[in-house]
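The values are calculated or read from the model by the stated rules, or taken from the named source; none is laboratory data. In this text the structure is predicted, and so the values were computed from the model without any measurement. Glycine gets a Cβ as well: all are built from the backbone with ideal geometry, and neighbour counts include every protein chain shown. Protein only, heavy atoms only, side chains kept; ligands, DNA and RNA dropped before computing areas. Shrake-Rupley method; radii C 1.70, N 1.55, O 1.52, S 1.80 Å.
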Amino acid sequence: MNQTRPPIAYTDSKSFGYWAIVLGAAVGVIGIFSFVKQISMGLGAIMSFCAVYMFAAAFFHLTMNGKRTVITVSDDGVAYEGGLYVPFSDVDKIWAGNPFPTIPGDILNIVLHLKPDAPVKQAGRGWKAIFFLTYVGGNISMIGKKKMISLMTPGLRPVSGQKMDQDDILEDLFERFDDFQNR
């Protein structure tokens with residue numbers, strides 16, 4: 001068992017903002033092309049709306065980047081940005097990985113599988129979810145009605161600025177969870 005370590009607070013990276021800008025530009029070009037060539041006014045309108053939406057998401061995401069803590073991992077549990085705290089005593093197992101390995105870029109999904117009696121309620125929906133400013137998903141899986149908390153993000157980095165890649169972040173999380181289990 002390792003000695004007590006200070007909690008590490010993570011913020012999301014700028015990856016999402018850059019993705020939204022690139023995708024927004026591509027979708028915008030298709031939308032404008034549809035209008036100019038009069039291929040389909042409906043398609044053009046939908047694509048243009050999607051482009052504006054992606055740029056708005058990128059704007060909001062980039063203006064908040066690095067200024068907020070998305071997740072904090074301590075020796076006793078995980079705290080999410082909305083005030084949700086999940087102690088390791090309520091966690092059955094942790095799964096982490098890239099759910100979209102064929103898409104370029106590193107998308108990280110951390111899923112905490114909870115014990116059946118864990119007192120965690122369904123995550124609420126709000127305006128932050130509209131612009132992807134929150135990544136914490138609900139706790140109920142439709143497969144077997146298992147309780148779980150999911151955090152999906154295009155990348156995490158410590159708020160302190162120390163260098164950690166996703167493998168280091170996951171290694172620290174799993175190590176803290178294993179240490180807690182072995183107390």
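A few notes on this one:
- For the set V73, V22, solvent exposure ranked by accessible area (probe 1.4 Å, protein chains only) runs largest to smallest as V22, V73.
- Residue-span extension gain [F33 to M152] - 0.36 nm each, minus C-alpha spacing: 39.5 nm
- Placing pseudo-labels 7 Å out from each Cα toward the beta carbon at D168 and H113 gives an inter-label distance of 2.9 nm.
- Solvent-accessible surface ranking, highest first, for Y10, Y85 at 1.4 angstrom: Y85, Y10
- Set of aspartates and glutamates with alpha-carbon distance to K115 below 19 Å, sequence-local pairs under 8 removed: D75, D76, D90, D92, D178, D179
- Net charge of Cβ neighbours under 14 Å - reference D179; Lys, Arg +1; Asp, Glu -1: -3
- Counting only heavy atoms of the protein chains and using a 1.4 Å probe, D117 has close to 120 Å² of accessible surface.
- Extended-chain gain in nm, criterion 0.36 nm per residue less alpha-carbon gap, A96 and D76: 5.4 nm
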